[in-house]
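To keep things clear, I will list the structure first and then write my remarks on it.
The values are calculated or read from the model by the stated rules, or taken from the named source; none is laboratory data. Here the structure is a predicted model, which means the values were calculated and not measured. Quick reminder, even Gly has a Cβ in these numbers, built from the backbone with ideal geometry, and neighbours come from all protein chains shown.
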């Protein structure tokens, strides 16, 4: 859930709302925030499933180092959602295994 | 080919301070960072810094960051490249950078590597489950991204990061915090521990997390008392309903670039594990390759800033852009401030560790 008011940091600016699509579902987020922030605000915590055991993975380092949070974004696999800014109309998909390029099948 | 006096890799507290000192002394500086914004991890530090006036004590981390970024923008000798990755060291003077979707070759006289550190994980059944994350990651989510990924936090580790992030989780509207520490005493400052206790946080020492479970996200954790060898004491396990687990188990230096260059390393647990060997001037085993901040051993933002300044002055002197007298007086001042930051019961282990690294470096200095 969003931290709208904060005793030190003040209120957040939610003016620039955008609409994006997560596994085909329409969702709202704030333009420029990391994709991972929009997902957490919408209570989505599984970003991908591992290749062999199909275990869920989500945010771990949140600064673009660990690659646990990668997803398929606008047809590009292995996009680090914790450091990639959200844009209007983005198509975001849960990644299975090592992912696939737009239109191909997951491996 | 882009030619500069000094290439600085990483625009966190160490890199920003290094750039400012060197830029103000007339060196041409290229400051490169892979992130979209400069400041490294300063902007998620919303607490007031510790230490004395000269260490900006009483100022919140993000304010220090804002001031540094403004000063950098005002210095004409500093070029700042964001969204740019230094991915290859051709030799000690030539580096390749991905910048604006193309590869640029940098020809530089000296280098300061200030790439920082990354959080250590802690392995237990369920540690990969969504909702288990680094304490710094949680701090980024609540303070930078302004999203709280849960309500009931289990914090593992009572160093300053564990204590401060627990407090900030509550500031960000979190419902409750349970904090466990495997050792039999709290690792961080008493003042931070008192703050979260006043909020009703249960700090349990001699206790660790045994496993975490949940359906697609953390739902509960099994905790247990541990002995002085950190082994579970049988029969002491109990369950707590939590929806987020943050691991504050320390950090280790991020030194891919230094490995590429072929720097010498030494194992130093008090500073995070493998650390690059460096001397009191912040020069590594390689001539002209300097380091500053957490990459030289994980400490804190205050020491990182001082080390950045020190490395910059060493470079300035080596490039004959200041007199020996000036350099010596600045170096002594900064060293004194660093020693103040590494004093007291919490700092002395880091000071001793640093001294042992400087001692190893003495041998390299002879070879260089």
Residue check, residue B:90 part of a strand (DSSP E or B) and more than 11 Å from every other protein chain (Cβ to nearest Cβ): yes
Boolean, residue A:30 is touching a strand residue (DSSP E or B) at 6+ places or on another chain (Cβ under 7 Å), modelled with pLDDT of 95 or more, at the interface with chain B (Cβ under 10 Å from one of its Cβ atoms) and over 24 Å from residue B:132 (Cβ atoms): yes
Count of the stretch B:268-291 residues which are assigned to a loop (DSSP other than H, G, I, E, B) and touching a strand residue (DSSP E or B) at 6+ places or on another chain (Cβ under 6 Å): 4
Conditions (1) more than 20 Å from residue B:119 (Cβ to Cβ); (2) facing chain B (nearest Cβ under 7 Å); (3) not in a loop (DSSP other than H, G, I, E, B); number of the one not met by residue A:78: (2)
Within the stretch A:81-99, tally of residues that are over 8 Å from the mean Cα position of the chain (by Cα) and either surrounded by fewer than 16 Cβ atoms within 10 Å (Cβ to Cβ) or outside any loop (DSSP other than H, G, I, E, B) (or both): 10
Answer residue from the stretch B:208-247, given it is within 13 Å of chain A (Cβ to nearest Cβ) and assigned to a loop (DSSP other than H, G, I, E, B) and is surrounded by the most Cβ atoms within 10 Å (Cβ to Cβ) among those: B:218
Candidates B:314, B:356, filtered to the one that is at pLDDT 95 or above and either out of contact with any helix residue (DSSP H, G or I) (no Cβ under 8 Å at 6 or more places or on another chain) or on the phi > 0 side of the Ramachandran plot (or both): B:356
Unique match (being touching a residue at least 60 places away in the same chain (Cβ under 8 Å), over 16 Å from residue B:141 (Cβ atoms) and either more than 9 Å from chain B (Cβ to nearest Cβ) or surrounded by 15 or more Cβ atoms within 10 Å (Cβ to Cβ) (or both)) among A:70, A:20: A:20
Enumeration of residues in the stretch B:251-268 that are without any contact (Cβ under 8 Å) to a residue 60 or more places away in the chain and closer than 18 Å to residue B:355 by Cβ: B:265, B:267
Top-ranked residue of the stretch B:12-57 - restricted to ones that are away from chain A (no Cβ under 14 Å), assigned to a loop (DSSP other than H, G, I, E, B) and modelled with pLDDT under 90, ranked as nearest to residue B:105 (Cα to Cα): B:56
Complete set of residues in the stretch A:35-44 that are within 8 Å of chain B (Cβ to nearest Cβ), within 15 Å of residue A:78 (Cα to Cα) and in contact with a strand residue (DSSP E or B) (Cβ under 8 Å, 6 or more places away or on another chain): none
Residue that is farthest from residue B:292 (Cα to Cα), among those in the stretch B:93-110 that are in a strand (DSSP E or B) and without any contact (Cβ under 8 Å) to a residue 24 or more places away in the chain: B:102
Wholly within the stretch B:111-197, strands (runs of 3 or more DSSP E) carrying at least 1 residues that are over 30 Å from residue B:6 (Cα atoms), within 14 Å of chain A (Cβ to nearest Cβ) and over 19 Å from the mean Cα position of the chain (by Cα): B:132-134, B:152-156
Qualifying residue in the stretch B:62-70 (condition: assigned to a loop (DSSP other than H, G, I, E, B) and either surrounded by fewer than 20 Cβ atoms within 10 Å (Cβ to Cβ) or in contact with a strand residue (DSSP E or B) (Cβ under 7 Å, 6 or more places away or on another chain) (or both)): no
Options B:86, B:103, B:113; residue that is surrounded by 17 or more Cβ atoms within 10 Å (Cβ to Cβ) and farther than 16 Å from residue B:16 by Cα: B:86
Some residue of the stretch A:45-60 being at the interface with another protein chain (Cβ under 7 Å from one of its Cβ atoms) and in contact (Cβ under 8 Å) with a residue 40 or more places away in the chain: yes
